[in-house]
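The values are calculated or read from the model by the stated rules, or taken from the named source; none is laboratory data. The structure presented is a predicted model; accordingly, all values stated were derived computationally and were not measured. Backbone-built Cβ (ideal geometry, glycine too); neighbour counts: all protein chains shown. Just so you know, the surface numbers come from the protein's heavy atoms only, side chains and all, with ligands and any DNA or RNA stripped out. Shrake-Rupley method; radii C 1.70, N 1.55, O 1.52, S 1.80 Å.
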Amino acid sequence: MALTLRKKQLDSIVRMLHLNQQQGSPDGVGGGVGDGEEEEAYKILVMDSPCVALLAPVLRVGELRRHGVTLHLNIDKARQQVPDAPAVYLVRPTAANVDRVAADAAAGLYASFHLNFSTCVPRPLLERLASATAASRSAHRVARVADQYLDFVCLEEGLFSLAQPRAYVALNDPAAAESDITTLIDAIALGLFCVVATLGAVPVIRCARGGPAEMVAAALDARLRDHLIAKPNLFTEAASTAVASFQRPLLCLFDRNFELSVGIQHDWSYRPLVHDVLGLKSNKLKLPEKYDLDDTDPFWVANSWLQFPKVAEEIEAQLAKYKQDVDEVNQRTGGGRDGVEFDGTDLIGNTRHLMNAVNSLPELTERKKMIDKHTNIATALLGHIKGRSLDGYCECENSMLMDGTLDRTKLINLLRGNGTKEDKLRLSVTYLLSFETPVPSDLEQVEAALRESEVDMSAFQYVKRIKSLNSQFAAASNTASKVNIVDWAEKLYGHSISAMTGVRNLLSDGKQLAVTRAVEALMEGKPNPEVDNYLLFDPRAPKSGTAGQFRGPFREAIVFMIGGGNYIEYRSLTELAQRSQTTKQVIYGATEILNGVEFIQQLSELGQKAGLGGVSSSLPPQ
């Protein structure tokens, strides 16, 4: 069973757009619709903002029109009456949305209402909708109410996000109320339920003990068990085709504290650079020109994981090939021979050459657009790289993280030289995480350089304090003082101690990321000291029984990062699947996809909440 998450989400959306009728061409990209008079009817699509975000990466405006959608509107904005058209609603199940739907039905805005909630709608909200429509005598306009379980953003076939911002801050905030954390954990579990429901597969769940990962695993396990009691259910059909345990996917849950450094480091690859430096969001980039960067762009697909200098070379090569092909067309048609771009105006010669030239014009035009797009992106990146010395940051961080070596002079020069304050803060935190015991004199120089550059040190001091706590906890793990350490930490950090006690890979070591090593070991299912103590939840197994027989091996895995993921981890996990001798597939997801600036800002916020750091403050020398 292949984990085709994006395709299955798209299938569900297309079926919804056709009023929940099965389609002859379910992929939705070929424009195929089934026969029948109903398929020709135009319709209105009404969404809230979160559902607009989940729809955008999988269906463009032109593709919506192929499925009969003539208007797509936001539920929160004023809309005109279109009384002869049916309306398809895709919204989150909230009281505000239910009230707005009821008001629309009472006003008779549309001929019929096909309500689709992005996840399961609670019974109180259904009763609220029923009461409101009954009171306004508009219940007859509501043709259908459906739970779609689509509440996640699928950026590409192997990457998804739950679009839950600032989850890392919420889970590590010492002032967070227990009820707030429980609500967030339940929301994450519900989002993951939507993912596995869309896949139609009940996973075997593995996670480290303690912290948010275990809390989400337990909540998801309970939700799946409750759902599986009903027959039939969302997984009934999948169960008949995946009888053996090894055909089920593995769901690996991790907390962002499992490996902090990868969330803040600079990277030299094209895709992470575009995300980090230029602000790629939901596959869209604004420079100020707006560009789509997704699987419809062959250059992006082929080259986005290459290091930036290689990408620049590839752009030059593509441009040279384009000019060569233009010259060949011009020569065949008797046009110019000086490399002048083909504009379609100088077409002479015999009919065969003329027709070939005409047929090649659209393809050449598209290639030129693609080359121009990536030339503009690369030029913008180059300006930031030169102005901020990003190549120096990448080199220095890689030396510390991968090789465990420190060029003190280069480190201090970067902290005092070019680069934004966030660049310098990320470099200094990477330095903290790269060495178990930094040399006191080096640490003092780093802090002094940060103060000279007027960098807010909240994130630096927060990570420094966490690292100290983690070291003390590890040292006390086999002594009677362990309880005292935990008690002290809970007073200092509140709920965040549940996350900190599960940290085993705060320091990155080796070229393979800690997350990738753990996932590889979990998929192999063999004894491995790194993961032997991981918890296992199997929603299909009896609670009283043992789940040891479901430990693997696994061919498919869903890896989910609680607190924010990034393109560096996504690349590492993709490479794991590609280099495996046996066919493996890995899907990567997170509460949100963060770049280094966004994550260091969350660390700074936590430092400020803990009363640490500031521009001018520093801890006494150690």
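Of note:
- Only residues that are within 10 Å of Ser434 (Cβ to Cβ), of a type in the set (A, V, I, L, M, F, W, C) and in contact with a Phe, Trp or Tyr (Cβ under 8 Å, 6 or more places away or on another chain) were counted across region 397-417, and they come to 2.
- When region 529-543 is filtered for residues that are surrounded by 14 or more Cβ atoms within 10 Å (Cβ to Cβ) and more than 16 Å from Phe254 (Cβ to Cβ), the ones remaining, listed by number, are Asp538, Pro539, Arg540, Ala541.
- Filter result for Glu444 (part of a helix (DSSP H, G or I), in contact (Cβ under 8 Å) with a residue 40 or more places away in the chain, open to solvent by 30 Å² or more (accessible area, probe 1.4 Å) and under 26 Å from Asn470 (Cβ atoms)): yes
Residue-by-condition table, conditions (1) in a helix (DSSP H, G or I); (2) open to solvent by 60 Å² or more (accessible area, probe 1.4 Å); (3) at positive phi:
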{"position": "Ala105", "(1), (2), (3)": "yes, no, no"}
{"position": "Phe113", "(1), (2), (3)": "no, no, no"}
{"position": "Glu127", "(1), (2), (3)": "yes, yes, no"}
{"position": "Arg144", "(1), (2), (3)": "no, yes, no"}
{"position": "Ala163", "(1), (2), (3)": "no, no, yes"}
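- Residue match in region 273-294 (condition: in a helix (DSSP H, G or I) and either open to solvent by 60 Å² or more (accessible area, probe 1.4 Å) or of a type in the set (Lys, Arg) (or both)): no
- Exclusive hit being modelled with pLDDT under 95 and assigned to a loop (DSSP other than H, G, I, E, B), set Leu364, Leu406: Leu406
- Any hit, region 190-206, residues being of a type in the set (Phe, Trp, Tyr), surrounded by fewer than 23 Cβ atoms within 10 Å (Cβ to Cβ) and in the same structural domain as Val531 (by the TED database): yes
- Scanning region 165-180 for residues that are surrounded by fewer than 17 Cβ atoms within 10 Å (Cβ to Cβ) and touching a residue at least 12 places away in the same chain (Cβ under 8 Å) gives Pro165, Pro174, Ala175, Glu178.
A quick yes/no check of all residues on (1) within 21 Å of Phe560 (Cα to Cα); (2) open to solvent by less than 10 Å² (accessible area, probe 1.4 Å); (3) part of a loop (DSSP other than H, G, I, E, B):
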| residue | (1), (2), (3) |
| --- | --- |
| Pro124 | no, no, no |
| Ala132 | no, no, no |
| Arg137 | no, no, yes |
| Leu155 | yes, no, no |
| Phe160 | yes, yes, no |
| Thr183 | yes, no, no |
| Ile188 | yes, yes, no |
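- Enumeration of residues in region 75-92 that are open to solvent by less than 60 Å² (accessible area, probe 1.4 Å) and touching a residue at least 40 places away in the same chain (Cβ under 8 Å): Ala85, Pro86, Ala87, Val88, Tyr89, Leu90, Val91
- Of all residues in region 18-52 being at negative phi and in contact with a strand residue (DSSP E or B) (Cβ under 6 Å, 6 or more places away or on another chain), the one that is modelled with the lowest pLDDT: Tyr42
- Counted residues, region 550-585 - those being touching a Ser or Thr at 6+ places or on another chain (Cβ under 7 Å) and over 21 Å from Gly279 (Cβ atoms): 6
- Residues in region 419-439 that are at pLDDT below 95 and open to solvent by 70 Å² or more (accessible area, probe 1.4 Å): Glu436, Thr437.
- Residue match in region 210-230 (condition: within 23 Å of the chain's Cα centre (by Cα), at pLDDT 95 or above, open to solvent by 50 Å² or more (accessible area, probe 1.4 Å) and of a type in the set (A, V, I, L, M)): yes
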